[in-house]
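Below: the structure, in structure tokens.
The values are calculated or read from the model by the stated rules, or taken from the named source; none is laboratory data. For clarity, every value in this text was computed on a predicted model and none was experimentally measured. Every residue, glycine as well, gets a Cβ built from its backbone with ideal geometry; the counts of neighbours run over all protein chains shown.
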Amino acid sequence: MQTNAPFFIGICGGSGSGKSELARALVAALPEDQSVLVELDSYYHAAINFPTKIKGNYDHPLSLDEARLVEDLLKLKAGEMIHKPCYDFTIHNRARFSERVFPSHFIIIDGILLFALQQVAKLVDLSVFVDTPADIRLARRLLRDVRERGRTLDDVLAQYLNTVRPMHEQYVEIYKAETDILVSGTDSIQAEVAAVLAALPR
């Protein structure tokens, strides 16, 4: 068991904002073995358990298994290892395998709906919002989904207009003013990391 409770860093921002890049860069910048990353994307419901009332809307808070996520975060806080689920975006379903994550001094949580999940938000000690213009976020999402997830341009745009944009306005953007640190997703990653590191407890 750990003698000191971990420090939770929550990184939020719209899809394509660069929040995941910041989260990974922060892990790399912190001392080795001092941090772990928990991505909200890992906690999408398995297809068989996906809430029917949101009809495949992956940008709605109910698309995430908040109960499992909170349980895992509390285990990490208590110094226990977790088996983090893994999600396969190419098949839109949870993978059969999981990933072992061990507790560490800094627990970095990354996800677009992070602050919309109230039980998760309460665990965050330092909140960060990556504020990136909508046109840049859309361009980045298009490139990622077509290149990495095998989707068509029409499919990506339809999802953006039907769910991504309206859900961003309802569940993401509204929390920007409440975060501890606001960074620009168009700044260098080094500047973003430096801003977060400067706010960490000594």
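For the residues ARG141, ARG149, the requirement of being basic (Lys, Arg), surrounded by 18 or more Cβ atoms within 10 Å (Cβ to Cβ) and at pLDDT below 95 singles out ARG141.
Among the residues of segment 26-53, those that are farther than 19 Å from LEU123 by Cβ and β-branched (Val, Ile, Thr) comprise ILE48, THR52. Residues in segment 170-192 that are farther than 22 Å from ALA25 by Cα and loosely packed, with under 12 Cβ neighbours inside 10 Å: ALA177, GLU178.
Selection of segment 168-202 for residues being among the small types (Gly, Ala, Ser), outside any helix (DSSP H, G or I) and either on the phi > 0 side of the Ramachandran plot or in contact with a Leu (Cβ under 9 Å, 6 or more places away or on another chain) (or both) yields only GLY185. Might you let me know whether segment 45-64 holds any residue that is of a type in the set (Gly, Ala, Ser), in contact with an Asp or Glu (Cβ under 9 Å, 6 or more places away or on another chain), under 20 Å from GLU148 (Cα atoms) and outside any strand (DSSP E or B)? Within segment 45-64 (the criterion being of a type in the set (Gly, Ala, Ser), in contact with an Asp or Glu (Cβ under 9 Å, 6 or more places away or on another chain), under 20 Å from GLU148 (Cα atoms) and outside any strand (DSSP E or B)), the answer is no, since none of the residues qualifies.
Checking the condition closer than 20 Å to LEU138 by Cα, surrounded by 20 or more Cβ atoms within 10 Å (Cβ to Cβ) and polar (S, T, N, Q), which residue from SER17, SER42, SER35 passes? After applying the criteria, what remains is SER17. Within segment 152-169, can you find the residues that are polar (S, T, N, Q), surrounded by fewer than 18 Cβ atoms within 10 Å (Cβ to Cβ) and closer than 18 Å to ASP59 by Cβ? ASN162, the sole residue that qualifies.
Flag set for ARG165, criterion: closer than 27 Å to ALA67 by Cα and of a type outside the set (Ser, Thr, Tyr). All of PHE129, PHE115 fail the test of being crowded, with 18+ Cβ neighbours inside 10 Å and touching a Leu at 6+ places or on another chain (Cβ under 7 Å), apart from PHE129. When the residues of segment 18-39 are narrowed to those that are in a helix (DSSP H, G or I) and within 10 Å of the chain's Cα centre (by Cα), which ends up nearest to HIS105 (Cα to Cα)? Looking at the filtered set, the residue picked out is ALA23. Note on segment 126-153: residues that are over 23 Å from HIS92 (Cβ atoms) and within 17 Å of the chain's Cα centre (by Cα) amount to 7.
Here is a yes/no grid of residues against (1) of a type in the set (A, V, I, L, M); (2) under 18 Å from the mean Cα position of the chain (by Cα); (3) surrounded by 11 or more Cβ atoms within 10 Å (Cβ to Cβ):
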position	(1), (2), (3)
ASN49	no, no, no
LYS55	no, no, no
LEU62	yes, yes, yes
ALA67	yes, yes, no
GLU71	no, yes, yes
GLY79	no, no, yes
ILE82	yes, yes, yes
PHE89	no, yes, yes
ARG96	no, no, no
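Total residues in segment 9-62 satisfying the condition of being of a type in the set (Gly, Ala, Ser), under 22 Å from ASP180 (Cβ atoms) and out of contact with any Phe, Trp or Tyr (no Cβ under 8 Å at 6 or more places or on another chain): the figure is 9.
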